[in-house]
Structures are given as structure tokens and as C-alpha cells.
Amino acid sequence: MAKTAAIRALEAAGCDFEPAEYKYVEKGGTRASSKALGVHEHIVIKTLIFEDEMRRPLIALMHGDHQVSTKALARHVGTKSIRPCSPASAQKHSGYQVGGTSPFGTRKDMPIYMQKTIADLDIIYINGGRRGFLVRMLAADLIGVLSPTSLEMTA
């Protein structure tokens, strides 16, 4: 198992997790990872880097089988608009290559917003800091480590 910044952050937080490696598929997203791991896409949580109109970055955590409503997210954040960061900008903010973005151990501290129904799950899979590498963990531990703002933001 690679010692990514995400893994170091999880270990430092005393968080229990299990590595889950799979063959990365370019642009395969959570559909490819859930299929490779034999789990429902709903419990695979994607980490998305967005920015507001002032180019301030933020993280959104969403179920793999749902999309983020940027309008709902912007309304909650109190900004005019939210848009996905370019891959280069997302990597600059997070320190991770797109497709391997984890909310743990990011280069910059960014506000984290989580789809509220993630808290209803027991087990989740979330990126461990590189392509083809997720970690299996308790949703409660994700919340305990990150303290995300929970809201309804499904499209």
C-alpha cells in the first residue's frame, strides 16, 4: 500500500480503514471502481474540487451514483456560482491528480461540503490519494476526521 498524504492523514487521525486497490480506468469514475470492487456505486464517495466566482476552492463529497447541484451548493455557500475546477487547478489545490483526489491530506485547507445522506451509510469507499486506490472505512469516521458541512446538494 502506498503511503499517500491521505493515508498519512488517516493514520495520524487514528482512523481504521482497509485499502481497496483496483485497475484504474481513464474517465471510468465511480462506476468503474464500484464494478471492479464488487460494491454498489452509491457507497463509493467521490471527492470533487469546485471553485466559486472568486476562484476560492472547496471540496464536495457526493455518492458515486449522484451528481452535485452546483446551484444548491452555491446557495448554501452564499455565492453566486460554483463550478468544477480545471484538472490543473484541482491538482494545485488538492495535491492530488484528478482521478486520485482524496479529501484527506489535501495540500490546501478547503471547506468541505458533504451530501447529507452519506451520514446514513455505515461503510463507504473513498479515494485514498491516487488513481486505482480507495479506502474502505466507516462513514462516521469520515465525518469525525473531516467535520464536513452536511447539506442536500443532489442534482
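Within segment 17-24, does at least one residue satisfy the condition of being surrounded by 14 or more Cβ atoms within 10 Å (Cβ to Cβ) and small (Gly, Ala, Ser)?
Checked against the condition, which is being surrounded by 14 or more Cβ atoms within 10 Å (Cβ to Cβ) and small (Gly, Ala, Ser), segment 17-24 yields at least one hit.
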Only one of 47, 30 that is of a type outside the set (D, E, K, R), closer than 21 Å to residue 152 by Cβ and in contact with a Pro (Cβ under 9 Å, 6 or more places away or on another chain): 47
Flag if residue 135 is among the β-branched types (Val, Ile, Thr), assigned to a strand (DSSP E or B) and within 19 Å of residue 32 (Cα to Cα): yes
Inter-residue pairs, beta-carbon under 7 Å, first under 19 Å from residue 139 (Cα atoms) and in segment 14-41, second assigned to a loop (DSSP other than H, G, I, E, B) and among the aromatic types (Phe, Trp, Tyr), 6+ apart: 33/22; 37/22
Residues within segment 1-24 that are closer than 19 Å to residue 108 by Cα and at pLDDT below 95, tallied: 1
Qualifying residue in segment 25-34 (condition: under 25 Å from residue 107 (Cβ atoms) and in contact with a Gly (Cβ under 6 Å, 6 or more places away or on another chain)): yes
Of all residues making up segment 26-81, the number that are buried (at least 17 other Cβ atoms within 10 Å of the Cβ) and among the acidic types (Asp, Glu): 3
Total residues in segment 108-126, condition in contact (Cβ under 8 Å) with a residue 60 or more places away in the chain and either out of contact with any helix residue (DSSP H, G or I) (no Cβ under 7 Å at 6 or more places or on another chain) or assigned to a loop (DSSP other than H, G, I, E, B) (or both): 2
Restricting segment 85-141 to residues that are surrounded by 23 or more Cβ atoms within 10 Å (Cβ to Cβ) and of a type in the set (Gly, Ala, Ser), the residue that is nearest to residue 66 (Cα to Cα): 102
Failed item, numbered, when residue 63 is tested on (1) in contact with a Phe, Trp or Tyr (Cβ under 8 Å, 6 or more places away or on another chain); (2) closer than 23 Å to residue 120 by Cα: (1)
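The values are calculated or read from the model by the stated rules, or taken from the named source; none is laboratory data. Small disclaimer: the values here were computed from a predicted structure and weren't measured. Neighbour counts run over all protein chains shown; Cβ positions are idealised from the backbone, glycine included.
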